[in-house]
Amino acid sequence: MLIKSLLFTATVLLPIILFSQNVAVNNDGSTAHPNAMLDIKGVNKGLLIPRGDAATRTALATNTAKGLMMYDTVTNAIWIHNGNGTAGGWNSLSNGTNLWQTAGALGTEIRNSNTGGFWSPSSAAVLVDPGVIQPPFSSTGTRLMWMPQKSAFRVGTVSSPLYWSADSIGTWSFAGGYNTRATGLKSLAFGEGTRAAGVNSSSFGFNTVATGFGSFAAGNGARAEGESSFAFGELSVAAGLKSIAFGTGNRATGSAATAFGAFTFSDGNTSFASGINTRATGDISFTTGYGTVAQSFSSMAIGQFNDSVISSDKNSPTSSDPLFYIGNGSSDLNRHNALVVYRNGNLVMKTQLLRNSQILKLLRFL
């Protein structure tokens, strides 16, 4: 009878098979997996771990081993302890209403709001210059990445890990798309190949660059290099302080200068160039049309291919300098003026110089 009882216990109640220091618990006689110290297998049975509540966890906290697990019957969550000897060492792995909440070593969590969204808190302070903070993942491919130490967010695809490396992620920055970089403090980059390097800068589109403080670049290959500058369009450059370049191939290099149209240039401070291939060189100058140039200080040029009088002073008013041009040339090598008004009051119509008295007679006739 004793022998039968022992056999029954060994074969039915304790189906444990020892094999090469591995333990298998099952009812089909299979061996344990070679990588497992304990291999539990069951068709209609599971593993039941210790159960309790918050008070149980607190009581166990003092001498708790790292990795100890228990199930909280109140929160319906599995808890695991990090072995720090305090009640705060318990971390919830899951619960009935939040099935994919995770908690890291610093308390950073990704939580399901149960309303179609998710959120992640962080108690870590964000410094203006936190030093070199390595990204959580560095490689090519597609990813969504959040760095709470820099309050920086990345989403999209990179063909090289350099685009989202530690030195390419600015504090409080946001970048999305393909091969985008937001390296500046509080910068924003979206699109393909865009780069926002200036503080508070923004870059959108394709291969656009914003390097100036508070600068904005959008379009295709546009560059906003000056402080508070704005570049929009294709291959337009706003290099001057508070300058604007808008259109195709335009360049605004003067302070508060504006270049608008196609291949226009605003070199003078507070100058404005519009049209096609025009240039506003003098300070506070204005040019529009086709191939016109406003060379002297506070001058205006309209028409096409005017003679700009190269000897003009660009930075201060001179009585002998032109004030207003009307060009009627045919090309850059064949420049002519239909009319020029000089700062001293003289007016030239083609090659005819008219004095003040003659101008009055002309106006009476008209």
Does the stretch 206-221 contain any residue that is within 24 Å of residue 145 (Cα to Cα), outside any strand (DSSP E or B) and of a type outside the set (Val, Ile, Thr)?
yes
Is it the case that residue 270 is buried (at least 24 other Cβ atoms within 10 Å of the Cβ) and β-branched (Val, Ile, Thr)?
no
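Being assigned to a loop (DSSP other than H, G, I, E, B) and either modelled with pLDDT under 95 or more than 45 Å from the chain's Cα centre (by Cα) (or both) narrows it down to one of 298, 255, 308, so name that one.
308
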Exception for residue 87 within (1) surrounded by 15 or more Cβ atoms within 10 Å (Cβ to Cβ); (2) out of contact with any strand residue (DSSP E or B) (no Cβ under 7 Å at 6 or more places or on another chain); (3) at pLDDT below 75 falls at (3)
Could you say which residue among 301, 294, 338, 257 is closer than 22 Å to residue 234 by Cβ and free of Cβ contacts under 8 Å to residues at least 60 places away in the same chain?
257
Among the residues of the stretch 161-190, what is the count of those that are of a type outside the set (S, T, N, Q) and closer than 13 Å to residue 139 by Cα?
5
Tell me which residues, restricted to the stretch 206-218, are in contact with a Gly (Cβ under 8 Å, 6 or more places away or on another chain), over 15 Å from residue 255 (Cβ atoms) and crowded, with 21+ Cβ neighbours inside 10 Å.
208, 210, 211, 217, 218
It is to be established whether one or more residues within the stretch 205-215 are of a type in the set (S, T, N, Q) and touching a Pro at 6+ places or on another chain (Cβ under 7 Å).
no
Among the residues of the stretch 162-174, is any under 12 Å from the mean Cα position of the chain (by Cα), part of a loop (DSSP other than H, G, I, E, B) and either surrounded by fewer than 24 Cβ atoms within 10 Å (Cβ to Cβ) or of a type in the set (A, V, I, L, M, F, W, C) (or both)?
yes
Identify all residues within the stretch 175-194 that are of a type in the set (Phe, Trp, Tyr) and more than 17 Å from residue 211 (Cβ to Cβ); write none if there are none.
178
Answer with yes or no whether residue 262 is aliphatic (A, V, I, L, M) and crowded, with 21+ Cβ neighbours inside 10 Å.
no
Identify, by number, the condition in (1) under 20 Å from the mean Cα position of the chain (by Cα); (2) farther than 29 Å from residue 316 by Cβ; (3) surrounded by fewer than 24 Cβ atoms within 10 Å (Cβ to Cβ) that residue 248 doesn't meet.
(1)
Wholly enclosed strands (runs of 3 or more DSSP E) of the stretch 1-63 bearing at least 2 residues more than 22 Å from residue 80 (Cα to Cα) and at pLDDT 80 or above:
22-25
In the stretch 298-337, how many are acidic (Asp, Glu) and closer than 16 Å to residue 275 by Cβ?
1
Subset of the stretch 319-335, residues surrounded by 16 or more Cβ atoms within 10 Å (Cβ to Cβ), outside any strand (DSSP E or B) and in contact with a Lys or Arg (Cβ under 8 Å, 6 or more places away or on another chain), comes to 321, 329
Answer yes or no: is there a residue in the stretch 180-200 that is of a type in the set (Val, Ile, Thr), crowded, with 21+ Cβ neighbours inside 10 Å and in a strand (DSSP E or B).
no
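The values are calculated or read from the model by the stated rules, or taken from the named source; none is laboratory data. Just so it is clear, the structure is predicted and the values come from calculations on it, not from any experiment. A quick note on method: Cβ atoms are made from the backbone with ideal geometry, for glycine too, and the neighbour counts reach across all protein chains shown.
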